[in-house]
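Notes follow once the structure below has been shown.
The values are calculated or read from the model by the stated rules, or taken from the named source; none is laboratory data. Only a predicted model underlies this, so the values are computations on that prediction, with no experimental measurement involved. Quick reminder, even Gly has a Cβ in these numbers, built from the backbone with ideal geometry, and neighbours come from all protein chains shown. Ligands, DNA and RNA are stripped out before the accessible areas are found, and what is left, the full protein with its side chains, is counted by its heavy atoms. Shrake-Rupley method; radii C 1.70, N 1.55, O 1.52, S 1.80 Å.
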Amino acid sequence: MKLHAGAERRKQSILQAARLLLREEPLSMRRLAEAAGVSQATPYNLFGTKRRLYVALHRELEAELIESIAATESRDALDRMYSAIRLMAARMDCEAGLYRELFATIYASDAEDQDAQVETATAFWDGLLLPLHAEALLSPDADMSAFTRNFVYLLSGALMAWTDRRIDTAALESAVRYGFTLAALAMATDLSRDRLLRVLASA
């Protein structure tokens, strides 16, 4: 359902306030309403739950990441994928409090919510992984649905390790880049094999 202009403005004000607050402190809906200049009921009316608010904020962050990837100089989908991993890690490093709170809330949920989160993440990464197939950087026989889903599981594990402070951002970036490269190498074509091997050799 499309919100009217006033509700959409309030929604954006709440998301912006949440982003600023989460850089400094855990978020309460009461504190968020105060910071956004809305009534205490408004965040619940517009988002329903704190988790849904966090999911909406996460989607905005993903949209920003897509814009950043598009602005990078890249020769093909493989370059864009490595740029995505690097830029994602850099953003997490700059706003660690925000991302840790987001991931802790989004992933600490029941099985149904976790399945929904995997589907959302899969849709995002499909936009970066499917072009590898379209540009003949992966074998025409590659099962891209399985490839993307397994990449998302790899990424989710690394994100939770980072959220729990078991690894730092550099280790997360290295693990995700290495895991992606190993998986892609199994389906590489002549256009990508040597590049993937060079990435592994430099790890």
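Could you grab the pairs with beta carbons closer than 8 Å, sequence gap of 6+ or different chains, first residue in segment 3-26 and farther than 11 Å from Glu101 by Cβ, second one among the basic types (Lys, Arg) and modelled with pLDDT of 85 or more?
Leu3/Lys11
Take the residues in segment 27-44 that are outside any helix (DSSP H, G or I) and under 20 Å from Tyr99 (Cα atoms); name whichever of them is most open to solvent (accessible area, probe 1.4 Å).
Ser28
Kindly provide the set of residues from segment 139-159 that are surrounded by 15 or more Cβ atoms within 10 Å (Cβ to Cβ), touching a residue at least 24 places away in the same chain (Cβ under 8 Å), closer than 23 Å to Ala89 by Cβ and not hydroxyl-bearing (Ser, Thr, Tyr), ordered by number.
Phe147, Arg149, Phe151, Val152, Leu154, Leu155, Leu159
Being in contact (Cβ under 8 Å) with a residue 12 or more places away in the chain and in a loop (DSSP other than H, G, I, E, B) is the filter; apply it to segment 62-76 and report the residue that is nearest to Ala90 (Cα to Cα).
Thr72
Looking at Glu24, Glu8, can you tell me which residue is in a loop (DSSP other than H, G, I, E, B) and at pLDDT below 90?
Within the list Glu24, Glu8, the selection yields Glu24.
Would you check if Ala84 is assigned to a helix (DSSP H, G or I), of a type outside the set (Asp, Glu) and at pLDDT 95 or above?
It is true that Ala84 is assigned to a helix (DSSP H, G or I), of a type outside the set (Asp, Glu) and at pLDDT 95 or above.
So, of the residues in segment 45-60 that are hydrophobic (A, V, I, L, M, F, W, C) and without any contact (Cβ under 8 Å) to a residue 40 or more places away in the chain, which turns out to be surrounded by the fewest Cβ atoms within 10 Å (Cβ to Cβ)?
If we take residues in segment 45-60 being hydrophobic (A, V, I, L, M, F, W, C) and without any contact (Cβ under 8 Å) to a residue 40 or more places away in the chain, then Phe47 is surrounded by the fewest Cβ atoms within 10 Å (Cβ to Cβ).
Within segment 161-203, can you find the residues that are outside any helix (DSSP H, G or I), open to solvent by 70 Å² or more (accessible area, probe 1.4 Å), under 20 Å from Leu87 (Cα atoms) and modelled with pLDDT of 95 or more?
Arg165, Asp168
Just to be sure before I move on: is Glu135 over 24 Å from Leu98 (Cα atoms), in contact with a helix residue (DSSP H, G or I) (Cβ under 7 Å, 6 or more places away or on another chain), charged (D, E, K, R) and modelled with pLDDT of 95 or more in the structure I sent?
Yes, satisfied.
Looking at (1) touching a helix residue (DSSP H, G or I) at 6+ places or on another chain (Cβ under 7 Å); (2) in contact (Cβ under 8 Å) with a residue 40 or more places away in the chain, which is the only condition Ala96 fails?
Of the numbered conditions (1) touching a helix residue (DSSP H, G or I) at 6+ places or on another chain (Cβ under 7 Å); (2) in contact (Cβ under 8 Å) with a residue 40 or more places away in the chain, the odd one out for Ala96 is (1).
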